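Participant: Quick one: the structure is below, and I'll ask about it shortly.
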């Protein structure tokens, strides 16, 4: 039951813009060490991201840039099984390492969202966000604080180990196998997403100028398990924005879908806004 849990917060929709990182080391299923740092992303802060995690641009003035803390991060992760809830944190870390031309961290990743979908039938198809799962398991934490989110993800993994009897190494293999439990137990399953796909339960909307034809992008998302919808609604979970659109004027010119997603996020709906290249990385990691 030894592993490391990680979570990051970003300044904007580019996942390389990490402004906070939290790492929690677990030994024998208990917290051994906990560490967190603010980071100057050398990038702009989107008001929506600030609304989610509360970190303003002024808060990171004088904070280290990522290369300054990389050795600290690498020493905690290298050679370890690293748990994160969904692959967003893994993609973010890979992108910021690439951004600064640093050497990749030698570790083994374990997605705790995939673990949850296989450990509890209640979450096999939907509702497996960290906040909902933690509430179900009675885990108290301050959501959207990197150190707290990392600890919660780690405690979720510990709970899954106790629930199933599978250890961390066994879970590395189990998450690669079909979900089985829960599939077909409801009267209606969307035909738009592959039920066995790693992102099944996600509802994706595309906006802006994509590098690939919209039809191809939709097929990639559906094969990964996503339901692809034409417009942003309360049920949307991911909005994928063309890379150029999301960077144009530091995000100040946004499509109607983009603005609608931000309005819903401000009201408390759980929607992740990703640029096209980050979404591709996320799918490829599954």
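The values are calculated or read from the model by the stated rules, or taken from the named source; none is laboratory data. The model shown is predicted, which means the values in this text are computed figures rather than measured ones. Neighbour counts are summed over all protein chains in view; Cβ atoms, including those assigned to glycine, are modelled from backbone coordinates with ideal geometry.
Residue-by-condition table, conditions (1) within 22 Å of the chain's Cα centre (by Cα); (2) at pLDDT 60 or above; (3) surrounded by 12 or more Cβ atoms within 10 Å (Cβ to Cβ); (4) more than 16 Å from residue 229 (Cα to Cα):
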position: 173; (1), (2), (3), (4): yes, yes, no, yes
position: 179; (1), (2), (3), (4): yes, yes, yes, yes
position: 188; (1), (2), (3), (4): no, no, no, yes
position: 191; (1), (2), (3), (4): no, no, no, no
position: 194; (1), (2), (3), (4): yes, yes, yes, no
position: 199; (1), (2), (3), (4): yes, yes, yes, no
position: 204; (1), (2), (3), (4): yes, yes, yes, no
position: 207; (1), (2), (3), (4): yes, yes, yes, no
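Participant: Which number in (1) closer than 26 Å to residue 174 by Cα; (2) buried (at least 20 other Cβ atoms within 10 Å of the Cβ) marks the one condition that residue 237 misses?
Facilitator: Answer for residue 237: the failing condition is (2).
Participant: Could you check the stretch 253-286 and list, in sequence order, the residues that are within 20 Å of residue 91 (Cβ to Cβ) and assigned to a loop (DSSP other than H, G, I, E, B)?
Facilitator: If the condition is that a residue be within 20 Å of residue 91 (Cβ to Cβ) and assigned to a loop (DSSP other than H, G, I, E, B), then 270, 271, 286 are the ones that fit.
Participant: Right, next: Of all residues in the stretch 134-151, which are at negative phi and free of Cβ contacts under 8 Å to residues at least 24 places away in the same chain?
Facilitator: 134, 135, 136, 137, 139, 140, 141, 142, 143, listed by residue number.
Participant: Please work out which one of (1) free of Cβ contacts under 8 Å to residues at least 24 places away in the same chain; (2) under 18 Å from residue 30 (Cβ atoms); (3) out of contact with any strand residue (DSSP E or B) (no Cβ under 9 Å at 6 or more places or on another chain) is the condition residue 176 fails and give its number.
Facilitator: (2)
Participant: Can I ask one more? Looking for something surrounded by 21 or more Cβ atoms within 10 Å (Cβ to Cβ), within 23 Å of residue 284 (Cβ to Cβ) and in contact with a helix residue (DSSP H, G or I) (Cβ under 6 Å, 6 or more places away or on another chain) - is there at least one such residue anywhere in the stretch 50-69?
Facilitator: The answer is yes, given that some residue of the stretch 50-69 is surrounded by 21 or more Cβ atoms within 10 Å (Cβ to Cβ), within 23 Å of residue 284 (Cβ to Cβ) and in contact with a helix residue (DSSP H, G or I) (Cβ under 6 Å, 6 or more places away or on another chain).
Participant: Tell me which residues, restricted to the stretch 193-219, are without any contact (Cβ under 8 Å) to a residue 24 or more places away in the chain and under 24 Å from residue 264 (Cβ atoms).
Facilitator: Of everything in the stretch 193-219, those that are without any contact (Cβ under 8 Å) to a residue 24 or more places away in the chain and under 24 Å from residue 264 (Cβ atoms) turn out to be 214, 218.
Participant: In addition: Given the criteria assigned to a loop (DSSP other than H, G, I, E, B), at pLDDT below 80, in the same structural domain as residue 278 (by TED's automatic domain parsing) and surrounded by fewer than 20 Cβ atoms within 10 Å (Cβ to Cβ), does residue 250 qualify?
Facilitator: no
Participant: Now for a different question. Can you report the number of residues in the stretch 190-237 which are assigned to a strand (DSSP E or B) and more than 19 Å from residue 277 (Cβ to Cβ)?
Facilitator: So the answer is 2.
Participant: Now, a different point. I'd like the residue in the stretch 133-145 that is touching a helix residue (DSSP H, G or I) at 6+ places or on another chain (Cβ under 8 Å) and assigned to a helix (DSSP H, G or I) and, out of all such residues, is nearest to residue 54 (Cα to Cα).
Facilitator: Per the criteria, the residue is 134.
Participant: When the stretch 36-49 is examined, which residues are found to be surrounded by fewer than 16 Cβ atoms within 10 Å (Cβ to Cβ) and over 25 Å from residue 270 (Cα atoms)?
Facilitator: Selection gives 42 alone.
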